[in-house]
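Right, one structure below, let's go through it.
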Amino acid sequence: MPKISRKPSKSKHNRKNLSPFSMCLSPTSLKSLLWWLLLLAIVTIFMFLGLGSLYTETVIASVERPETASAEILYRSQTRLADQSGKVWQVVLFKQVYPGQGETLNLRLVGFPGSAELIHPQPLKITTDTGKVLKAADVFLEEAPAPTIGQYDFHDILPELTTEPLVLSIPQPGDRSININVPQSVVQEWQKVGGVRM
């Protein structure tokens, strides 16, 4: 009787070289899984990179009526906004009411450390979203309390503004200026402060 010899099976040999994942996945499903992981990684990267360009500045402002020692009544809207170079400014619109004497309405801009020094007296340029340009007189005719503080008379300016976004331009030497974008929500708060009647 002829002897039948068996050749070793290739399947036993290949099983030793296979990874545990390849036993569960066929080559096409493994390839599909890798493409999905690559796509997920790309989408995640675009989400993180895109957040910077889709970021809308959140502005938290408040309208307050703080108590003062004298008989004056003070209303204010206070927020922090960044200029075109990323420097942060405190922006305060305040209305002072003196019983029997009248009222003042001023916009104060306070630059934080690293902000440019302001030149006095220079008017503040206000440009609305529609292109209308207004100028507010500088209250500090000679010297400000600090080099990065400006205060401007808004008594005649605020009634001219609608509730659209605007840009505040603080003059600098030469033809340069510091530009601060003011969102619509802050302008609406300014209208509330200006509209308070005693």
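Taken together, the values in this text are just the output of simple stated rules run on the coordinates, not laboratory data. Because the structure is predicted, anything quoted here is derived from the model rather than measured. For neighbour counting, all protein chains shown are included, and Cβ atoms are generated from backbone atoms with ideal geometry for every residue, glycine included.
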For the pairs 95/192; 87/192; 95/135, flag any whose C-alpha to C-alpha distance is greater than 20 Å.
87/192
If we count other beta carbons within 10 Å of each Cβ, what is the order of 148, 162, fewest first?
162, 148
Contour minus Cα-Cα span, residue 82 to residue 34, at 0.36 nm per residue, comes to 12.9 nm
